[in-house]
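Novice: I'd like to ask you about the structure that follows.
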Amino acid sequence: MVRPARRNLMVLAVAAVGVAGPGAASASAQAPQYPIPYPVPGPTTVVPGGTTVIPGPAGPDTTSPFLTIPGDPTASLRQGAVIVDVIVDEASTLNADGTVAVPALRAAKLQAAQRKKSRRFTLTPATANAEPKVQVRLRLPFSRKAKSAIRQGLRRGRRATARVNITATDLAGNRTSVIRTVRVKR
């Protein structure tokens, strides 16, 4: 027994090739259009010649969101945070985290073997939902210990740098990550 879906596909294939069925008067006669007995998702198109084109289901979203950072991120002790503006090309969730590195205060006076590495502090993470082509501002605050270390370092002429990792995840789970490094100012 032939299922109705296959029968309709066979009729559509015959109409597409242009083969006249039995009892047709001429080859130029149009093939009859048969109604499809089951619901078809999406729009259907009737092409001249009586052929109905049924599009298949859309494939899975495999494109990761495109992340744009207009301008440079800013980090200042006065604001108490690293601020990053982000624009994405499709609806997605933005996650940002990072660290700030403050050089050790006594590094210049000690021998190379005795020098401490810079102290690293974790920034408070930020999360936001982003609409397509709308600028979103992410604010990653410094902790109290990080603020005091940055303040002491800046007083003594050291450079504090913040490294921020921004990740955009769309609804299908595709991800894009961008890392930016910014110098902390007063």
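Novice: May I ask you to list the aspartates and glutamates whose Cα is less than 15 Å away from that of Lys185, ignoring any residue fewer than eight positions away on the same chain?
Specialist: Asp72
Novice: Further question: For Ser118, what residues show an amide H to amide H distance below 5 Å, using hydrogens built from the backbone and excluding near sequence neighbours?
Specialist: The answer is Ala104.
Novice: Compactness ratio of region 127-186: Cα Rg over 2.2 N^0.38 Å, N = residue count?
Specialist: In units of the globular-protein estimate, region 127-186 measures up at 1.49.
Novice: With r as the distance between the Cβ atoms of Arg183 and Lys117 and R0 = 22 Å, compute the FRET efficiency 1/(1 + (r/R0)^6) and round to 0.05.
Specialist: That gives a FRET efficiency of 0.75.
Novice: So if I take the centroid of the Cα atoms in region 144-164 and the same for region 171-186, what is the distance between those two points in Å?
Specialist: Going from one Cα centre to the other spans 21 Å.
Just so you know, all these numbers are worked out from the coordinates, no wet-lab data involved. Only a predicted model underlies this, so the values are computations on that prediction, with no experimental measurement involved. A quick note on method: Cβ atoms are made from the backbone with ideal geometry, for glycine too, and the neighbour counts reach across all protein chains shown.
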